[in-house]
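Any read-out appearing in this document is the output of simple, stated calculations on the displayed coordinates, not a laboratory observation. Computed from a predicted model, the values in this text were never measured in an experiment. No Cβ is skipped: glycine too gets one built from the backbone with ideal geometry, and neighbour counts run over all protein chains shown.
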Amino acid sequence: MMKRIGSGWIPLQFPKSFDKDLRLLVYSMASRRLSMGFLQVVRAIYFAILGFSPVQIGFLLSIATFVSALHYIVIGHLSDRFSRKVFFILGGIFASLRLVIFAISSDFWFLALGQGVGALGEGAGAGQPVVSAYISDKSKVVDRPQIFSTIAVTNALAATAGSMLAGLPVFFQKIWGVDIIRAHALLFWIGAFGSLLSIIFVLPLKDSRTKKEVVETGRKFLNVSDWRVIVRFSIVRITSGLGWGFIDSLLPLYFYIKFGVSGEVLGPIFAATRFLSVFSFGLIPEVVDRFGKIQSLVGSRIITGILAVAFSVTPWFPIAVVLMISLRIAIMFTMPIRQTFATTLVPPDEIATAIGVSSFARMTMRSVAPTIAGYMFEAISLSLPFMIGAGFLVANGLLYKIFFQQSDCIKENN
């Protein structure tokens, strides 16, 4: 069964290209997306409730981003060399450990440790190197757009549910009379359980790497035969990381400081954003058929940049909410397009390493954004990080066009 949206389709059940292993992987990712959904809303606000300054909050978020950068390149390469499955399991363990640390301690350095540990388990999306590589191992090129779009839908629905959980601390306060910090701790315990549940789904998963492939993979440096395309893709992703790092990392804190709203209000708003993005995915086939993958990415980045600037200067909460939802949908809309495009840049046995290298470049540069944005919040302006982020996103779109427009047209013609 499928649901028609425009000339695209939103899957209401798994396509035929999904075998049992891909379905188990989707269930596992969805379990972890529940926790990531509410963490995105409450984490920065919770740190502010604990009394940390915007600079300290930005630093805590930067730690996770930097560790993620190292995680992407190391784990991406190791999964090409050895096994995909073992890193799915480790990801669930690390994601759970972060939430346990959050639940038992409010000390700054323990929270920093939790951020670092949790970053090793944040790859619960289809753009994560091991996941993308596993999908490529298990599918044909022609089936990947549908697979990535389906995963984008399931992840968005799981994140929608997770975002709604962001209001639970207030509920716990009213029902059980606990203080706000203890109420958040209860939410973190719930998230830890969800992350552990993700491990159960991947235990029966069949690994996609054969011994022969592992041996052949080890003959090339970092499993890459041509570094030029990966360098270009990494440069493009650096601008994306900086742009989205300035815009998204402290977005809940921005609402908390400027409009005085916290998780119980922002949770449904973020949930609505994720839910509405599901319907935008149904337009992807029509948009890509009409404009091509690269032009679609360029248009999305420019539109997101314009919306980010408008968001940064509006003084009215309702308009700010509409603009925030719009800019997040605009950036999420092209995620399946970018993920599919990335899997066509290099041979299948190099995909995890290639995405890992480009993600390392992206996340390394993105790791500086939250701390700088926190300083700007504290000392300069709440609006400035969003304007800077908008500039990087527009540059990202232009670099896609400069580096990949011609090669993408050739591939589509072939």
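Given the Cα-Cα distance of V142 and I235 and 0.36 nm per residue of separation, how much length would full extension add, in nm?
Separation in residues times 0.36 nm, less the Cα-Cα distance, equals 30.8 nm.
Going down the table (K85/K138; K140/K293; K138/K401; K85/K293), which pairs top 24 Å between alpha carbons?
Among K85/K138; K140/K293; K138/K401; K85/K293, the Cα-Cα distance tops 24 Å for K138/K401; K85/K293.
Can you find, among Q295, P348, A310, the residue farthest towards the positive end of the dipole of region 267-372? Put +1 on the C-beta of Lys and Arg, -1 on that of Asp and Glu.
Of Q295, P348, A310, it is A310.
Give me the angle, in degrees from 0 to 90, between the Cα long axis of helix 384-413 and the longest principal axis of the Cα atoms of the chain, rounded to the nearest 10.
10 degrees
Taking 0.36 nm per residue of separation and subtracting the Cα-Cα distance, what length does fully extending S381 through Q405 add?
5.0 nm
Could you work out the per residue convex hull volume over the alpha carbons of region 267-355, in cubic angstrom?
In region 267-355, the Cα convex hull volume per residue is 118 Å³.
Got a sec? Which residues in region 304-343 would a label at E286 touch, if it sits 7 Å along Cα→Cβ and we count backbone N under 15 Å?
Inside the label zone: nothing.
Mind checking Rg over Rh on the chain, alpha carbons, Kirkwood formula for Rh?
0.95
Using the Kirkwood radius over Cα pairs, work out the Stokes-Einstein diffusion coefficient for region 257-312 at 25 °C and 0.890 mPa s, in µm²/s as a whole number.
181 µm²/s
Per the Kirkwood formula on distinct C-alpha pairs, the Rh of region 45-165 is how many angstrom?
The Cα-based Kirkwood calculation yields 15.9 Å.
What spacing in nm lies between the two simple spin-label points modelled at S105 and L186, each 7 Å away from Cα in the Cβ direction?
2.4 nm
Taking only Cα atoms and a 10 Å spring cutoff, compute GNM fluctuations for the chain and point out the largest among S35, S234, S62.
Per the Cα network of the chain with a 10 Å cutoff, S234 tops the list.
Starting with the fewest neighbours, write out S79, S149 ranked by other beta-carbon atoms found within 10 Å of each beta-carbon.
Fewest to most other Cβ atoms nearby, the residues stand as S149, S79.
Per residue of region 114-121, in order, report the coupling 6.51 cos²θ - 1.76 cosθ + 1.60 (Karplus, θ = phi - 60°) as ³J(HN,Hα) in whole Hz, putting x for Gly and Pro.
x, 4, x, 5, x, 4, 6, x
Using 0.36 nm times the number of residues separating I257 and R228, minus their current alpha carbon distance, what extension gain do you get?
6.1 nm
Only helical DSSP H runs with n ≥ 4 go in: add -39500 (n - 2.57) per run for the chain, normalise by residue count and round the 222 nm mean residue ellipticity to 500 deg cm²/dmol.
Rounded to the nearest 500, it is -26000 deg cm²/dmol.
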